[in-house]
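Presented below is the structure to which this report refers.
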Amino acid sequence: MSDVTPTNESSANDEQSGSGLAAEKARRLAQLDSMRAAGVNPYPYRFDRSHTLEEVRANWGHLEPGIETENGVSVAGRIMLKRDTGKLVFASIRDRSGEIQLFISKAAVGDDEFAAIKHLDLGDWVGVHGTVMTTRKGELSVKPDRVELLSKAVRPMPDKWHGLHDVDTRFRQRYADLIVNEDARRAFEIRHEIIASFRRTLHDRGFIEVETPVLHVESGGAHARPFTTHHNTLDMQLYLRIALELHLKRLIVGGMERVYEIGRIFRNEGISTRHNPEFTMMELYQALGDWNDVMEISETLITQAARDSIGTTIVTIREQEFDLAEPWPRVRMVDAVSEKIGRAVHPSQPVSELRSLAEEHGIRWEDRWGGGKLVEELFEALCEADIVRPTFITGHPTEISPLARVDRDDPWLTERFEIFVDSRELGNGYSELNDPVEQRLRFEEEQAAKEAGDVEAGSLDEDYLRALEYGMPPTGGLGIGMDRLTMLLAGVDSIKEVILFPTLRHEVL
RNA sequence: GCUUCUCUAGCUCAAUGGCAGAGCAACGGACUCUUAAUCCGCAGGUUCUGGGUUCGAAUCCCAGGGGAAGCACCA
């Protein structure tokens, strides 16, 4: 039994006069009633597909113009375009693999079914049984024997040519965006391929994927304001995690040696083209390694992800091309600042000196900032904007790196790096601090900063210290922002383009 | 949070102080090789909301709402 049998049209016409969205929906809903009255289910349960549209094209794409084969196929998709020439209707349907034209002949499907097909709307899902052919002009087509309605769209599609541009609607109604905007679909395919590539690379290197809690008792592992929530039965305040770090390192203590997690983290901060309150971080920890190991892993992961997602390691940033496969420059933070300022800068200098330097460059410093924080502020104000190609900025001051190990050659700095691309921080890694006594001192400094009013400072995590007391092997750790990496490889300027449902204010309907 | 811009038919856009319009989609009709099919016809509006100025407001002003960009924030 097939399809659409519009009956009793005249009886419903009174309520369907006029146009606009309400009238359009009323018209289509009335069609549903007609179909059901005629014993047709406009929402059948399933459909047996023999080929995706990509497979049809792969198998028969070589056909010369004007060929009618006897090869039967069953395909399914959404009607994207319809061209009605009377006794012949051309419809383009699309599934996730591609598009193909239906060549619907009145003679081939019969009068009743043909009339029903003419009442299909753009946006309807159909299942088609037919044969493969090419038109006289060579367009590969399926010539249906039967067209089944698989799902009726009661809301009209966006403009078939101009698509959907309004960014508000695109983000709120991502489903509509994905239906009509090829670029939107592409960005999320790239995102998927990047994540799949990471998993392959890490699996090949012996990393184990784990899942750690999203609900944290302490909010640690980064400097950020957390979201707070509450557990009713336990009657306790909980934080949504701002980083994966501290739980993953507990697993290194446990002897898992190589672990990673690709997970959502949450920061209760501003929203911008580079920030969404929830975003996806990949963090990995490798026992017996240090920052050099994880810098190498960073280059490999990202370069391979580029190959796998966009088929090249060449990326265009600010209209310049860079090859990710070339070694990334490594620049010490203090050297970058020193070069910019024209004299040596180092956190060991008297704070008063660094404060005047900050003032010279328009930075409003705060009393509680030490030399390390001042150096970082100088870097952000003077150097960040100039970084275009992927670059390791290394040697962050100890003061601002409470979980990183002190540089083996300079007690003021840590063995830490951040990956910067196009002025954006893309990743962060270091030789992990594994001395429980030193870690406690660093936490105490954090705690003091928090008590002094720094809302982003971490607190003292006794359980984490207890874990370190069992002994954590030397370890290299790395975090990469998956959203920003996707932005880089997909070549888009807003993080909302790579997050399916970005955070928006509540819509007033 | 601040500044600027923006919001008109389901979608894409016009109209800048003087009758709210077009294309697509829809609806009725013609057409068996179209490709954003074409052609004829018809219909569709809380111009984001609420005030105000004006003889007259989509347009100017005020307040509010949504969105965007930038700044601030954000290792």
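The values are calculated or read from the model by the stated rules, or taken from the named source; none is laboratory data. In this text the structure is predicted, and so the values were computed from the model without any measurement. Positions of Cβ are backbone-derived with ideal geometry, glycine not excepted, and every protein chain shown enters the neighbour counts. Calculation scope for accessible area: heavy atoms of the full protein, side chains included, ligands and nucleic acids excluded. Shrake-Rupley method; radii C 1.70, N 1.55, O 1.52, S 1.80 Å.
Of the residues examined, A:Asp463 is not one that is assigned by TED's automatic domain parsing to the domain that holds A:His275 and either among the aromatic types (Phe, Trp, Tyr) or within 30 Å of A:Ile302 (Cα to Cα) (or both).
Scan the stretch A:407-417 and give yes if some residue there is more than 12 Å from RNA strand B (Cβ to nearest atom) and without any contact (Cβ under 8 Å) to a residue 12 or more places away in the chain, otherwise no. Yes: the stretch A:407-417 contains one or more residues that are more than 12 Å from RNA strand B (Cβ to nearest atom) and without any contact (Cβ under 8 Å) to a residue 12 or more places away in the chain. Among the residues of the stretch A:126-134, are any modelled with pLDDT of 95 or more, of a type outside the set (A, V, I, L, M) and near RNA strand B (Cβ under 6 Å from one of its atoms)? No; the residues of the stretch A:126-134 include none that is modelled with pLDDT of 95 or more, of a type outside the set (A, V, I, L, M) and near RNA strand B (Cβ under 6 Å from one of its atoms). Restricting the stretch A:222-242 to residues that are in contact with a Lys or Arg (Cβ under 9 Å, 6 or more places away or on another chain) and open to solvent by less than 20 Å² (accessible area, probe 1.4 Å), the residue that is modelled with the lowest pLDDT is A:Ala224.
Comparison of A:Arg258, A:Arg330, A:Arg307, A:Arg264 shows that the only residue that is farther than 27 Å from A:Asp493 by Cα, more than 15 Å from RNA strand B (Cβ to nearest atom) and among the basic types (Lys, Arg) is A:Arg258. Screening A:His396 with (1) buried (at least 23 other Cβ atoms within 10 Å of the Cβ); (2) more than 32 Å from the chain's Cα centre (by Cα) gives one miss only, at (2). Looking only at residues of the stretch A:91-113 that are more than 30 Å from the chain's Cα centre (by Cα) and open to solvent by 40 Å² or more (accessible area, probe 1.4 Å), we find that the one that is farthest from RNA strand B (Cβ to nearest atom) is A:Asp112.
Here A:Gln447 clears all of (1) polar (S, T, N, Q); (2) farther than 30 Å from A:Leu324 by Cα; (3) within 26 Å of the chain's Cα centre (by Cα) except the condition numbered (3).
The condition of being under 30 Å from A:Glu299 (Cβ atoms) and not hydrophobic (A, V, I, L, M, F, W, C) holds for only one of A:Glu366, A:Glu360, A:Glu380, A:Glu353, that being A:Glu380. Which of the following residues is more than 11 Å from RNA strand B (Cβ to nearest atom) and either touching a Lys or Arg at 6+ places or on another chain (Cβ under 9 Å) or at pLDDT below 95 (or both): A:Gly477, A:Gly427, A:Gly491? Matching residue, one of A:Gly477, A:Gly427, A:Gly491: A:Gly491. Does the stretch A:181-197 contain at least one residue that is in a loop (DSSP other than H, G, I, E, B), within 30 Å of A:Ala153 (Cβ to Cβ) and in contact (Cβ under 8 Å) with a residue 12 or more places away in the chain? Yes. Residues of the stretch A:11-29 that are modelled with pLDDT of 50 or more and either in a helix (DSSP H, G or I) or of a type in the set (Ser, Thr, Tyr) (or both): A:Ser19, A:Gly20, A:Leu21, A:Ala22, A:Ala23, A:Glu24, A:Lys25, A:Ala26, A:Arg27, A:Arg28, A:Leu29. Exactly one residue out of A:Leu488, A:Leu465, A:Leu441 is on the phi < 0 side of the Ramachandran plot and in contact with a helix residue (DSSP H, G or I) (Cβ under 7 Å, 6 or more places away or on another chain), and it is A:Leu465.
Residue count for the stretch A:451-502 under the criterion of being under 21 Å from A:Arg225 (Cβ atoms) and open to solvent by 50 Å² or more (accessible area, probe 1.4 Å): the result is 4.
Each residue in the stretch A:466-485 was checked for being closer than 30 Å to A:Arg191 by Cα and outside any helix (DSSP H, G or I), and 7 of them qualify. Only one entry of A:His203, A:His230, A:His247 meets the criterion of being outside any loop (DSSP other than H, G, I, E, B), out of contact with any Leu (no Cβ under 6 Å at 6 or more places or on another chain) and not assigned by TED's automatic domain parsing to the domain that holds A:Arg466, and that entry is A:His230. When the residues of the stretch A:150-166 are narrowed to those that are touching a residue at least 60 places away in the same chain (Cβ under 8 Å) and within 6 Å of RNA strand B (Cβ to nearest atom), which ends up least open to solvent (accessible area, probe 1.4 Å)? Filtering the stretch A:150-166 for residues that are touching a residue at least 60 places away in the same chain (Cβ under 8 Å) and within 6 Å of RNA strand B (Cβ to nearest atom), the one least open to solvent (accessible area, probe 1.4 Å) comes out as A:Pro156. Which of the residues that make up the stretch A:362-393 are closer than 26 Å to A:Pro329 by Cα and over 35 Å from the mean Cα position of the chain (by Cα)? Correct list: A:Gly371 only.
Search the stretch A:246-260 for residues being among the charged types (D, E, K, R) and surrounded by fewer than 24 Cβ atoms within 10 Å (Cβ to Cβ), and hand back the single one that is farthest from A:Met281 (Cα to Cα). In this case the residue turns out to be A:Glu257. For the stretch A:135-149, give me each residue that is more than 7 Å from RNA strand B (Cβ to nearest atom) and among the β-branched types (Val, Ile, Thr). Answer for the stretch A:135-149, where residues must be more than 7 Å from RNA strand B (Cβ to nearest atom) and among the β-branched types (Val, Ile, Thr): A:Val142, A:Val147. Being over 35 Å from the mean Cα position of the chain (by Cα) and either within 12 Å of RNA strand B (Cβ to nearest atom) or assigned to a strand (DSSP E or B) (or both) is not true of A:Gly39.
Residue under question is A:Glu55, and the condition is that it be at pLDDT 95 or above, within 23 Å of A:Arg185 (Cβ to Cβ) and more than 10 Å from RNA strand B (Cβ to nearest atom); does it hold? For A:Glu55, the condition - at pLDDT 95 or above, within 23 Å of A:Arg185 (Cβ to Cβ) and more than 10 Å from RNA strand B (Cβ to nearest atom) - is met.
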